[in-house]
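Inspection log for the structure reproduced underneath, given as structure tokens.
The values are calculated or read from the model by the stated rules, or taken from the named source; none is laboratory data. Fair warning: this is a prediction, and the values are worked out from it, not measured in the lab. Because the Cβ atoms are built from the backbone with ideal geometry, glycine has one as well, and the counts that use them run over all protein chains shown.
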Amino acid sequence: MTRPMPDSQHPDNSNRPELHLLFVNGSSDRFVVNELVQWVVKREAVVALMLTAALVSIVAPPLLRDTSPYLAFTAAMIARFALFPPVFLGLMLLYDSVQRLRNRTIVFEPLVTFAAAVLVTFTGRAVGVLTKGEVTLTRGDILFQIMLNYVFWQGLVLLFFQFILPAHRKWNAVRAEQEVAPRSEGPQFRVGRLVLDPDCIRHIEVDDHYLVITAGSEAIRVIGRLSEAAAQLDGRGMTVHRSHWLAFEEFGAISRHGRAFRMTTKSGGQVPISRERWRDVKRIAEEGAGTA
């Protein structure tokens, strides 16, 4: 029987009302200081930022370099990338304090990102001037660089909060489940460093080199091969399509659309069925319905 996997929980040890970040695209997320601090000091994040700064310095067109020598432009770019995370975090904490004093629970992220972009832009220009020794600036140059930096950092902030942070939270939730779960009870499903109870897995879908594993109400994305995952789950389901494995208890009604076959799972999802396997899948689904 497929077991439900407990939903991930994010404990809040503070009695103060929880703040939420409101993003430029209208979405929102909870404001958790310790998560931002962990990412600012994470070695992998710092290395990734420095490599990105070096790459941007290499591929930047002459218009962005503003006739600056390569060394000055690279130094300014590295300074911007190194300063933005702590400046952004510091402004977030300042905004947090102000909003709590005003008894408000919304932090408008684009405003914080814009302020950080302005500070980082001028700091980067200062580093470039110190390296180059001279500079010529106009009002248009300054406004152009501020807006360009804002658009760039706004995109990275959205990428982090909308994709990287949610995936990190899910991974932490799964790891927490592994730490509290008994290690010696029954078989375990392993893909890379991910360990799950095989009975809670309902659906596995291939996405490029990744597997999207639906376990209970969680969707976990890990690198792996469907054939190896399906071999570990033998007897609990079958590969119904070259890109989909489905637990037997999820088998539902099969419909035909031209030459294509699709199944509506017990959870309400839609899964494609290969033409070579649809008869076997239909038979198993009917036998399961007959014994239910």
> What number of residues within segment 1-44 satisfy the criterion of being at pLDDT 70 or above and of a type in the set (Asp, Glu)?
Replying inline: 3
>> Just to be sure I understand the filter: pairs with C-beta atoms under 7 Å, separated by 6 or more residues or on different chains, first member in segment 221-245 and within 15 Å of THR265 (Cα to Cα) and assigned by TED's automatic domain parsing to the domain that holds ILE273, second member among the hydroxyl-bearing types (Ser, Thr, Tyr) and assigned to a strand (DSSP E or B). Which pairs pass?
In response: TRP245/THR239
>> Kindly evaluate LEU91 against the criterion of being modelled with pLDDT of 70 or more, of a type in the set (A, V, I, L, M, F, W, C), assigned by TED's automatic domain parsing to the domain that holds LEU49 and outside any strand (DSSP E or B).
In response: yes
> Do we find a residue being under 28 Å from TRP171 (Cα atoms) and part of a loop (DSSP other than H, G, I, E, B) anywhere in segment 253-266?
Replying inline: yes
>> Need pairs with beta-carbon distance below 9 Å; first residue assigned by TED's automatic domain parsing to the domain that holds PHE88 and within 20 Å of VAL107 (Cα to Cα) and within segment 30-52, second among the aromatic types (Phe, Trp, Tyr) and surrounded by 15 or more Cβ atoms within 10 Å (Cβ to Cβ); sequence gap 6+ or separate chains.
In response: LEU36/PHE88; TRP39/PHE160; VAL40/PHE88
> Taking GLY235, is it surrounded by fewer than 13 Cβ atoms within 10 Å (Cβ to Cβ), modelled with pLDDT under 90 and among the small types (Gly, Ala, Ser)?
Replying inline: yes
>> Can you pull out every residue in segment 205-224 that is charged (D, E, K, R) and either modelled with pLDDT of 90 or more or assigned to a helix (DSSP H, G or I) (or both)?
In response: GLU205
> Can you tell me which residues in segment 139-159 are under 14 Å from the mean Cα position of the chain (by Cα) and in contact (Cβ under 8 Å) with a residue 24 or more places away in the chain?
Replying inline: VAL157, LEU158
> Out of the residues in segment 45-69 that are in a helix (DSSP H, G or I) and at pLDDT below 70, which is farthest from MET92 (Cα to Cα)?
Replying inline: PRO62
> Any idea which residue in segment 249-263 is nearest to the chain's Cα centre (by Cα), counting only those that are closer than 22 Å to ASP207 by Cα and surrounded by 15 or more Cβ atoms within 10 Å (Cβ to Cβ)?
Replying inline: GLU250
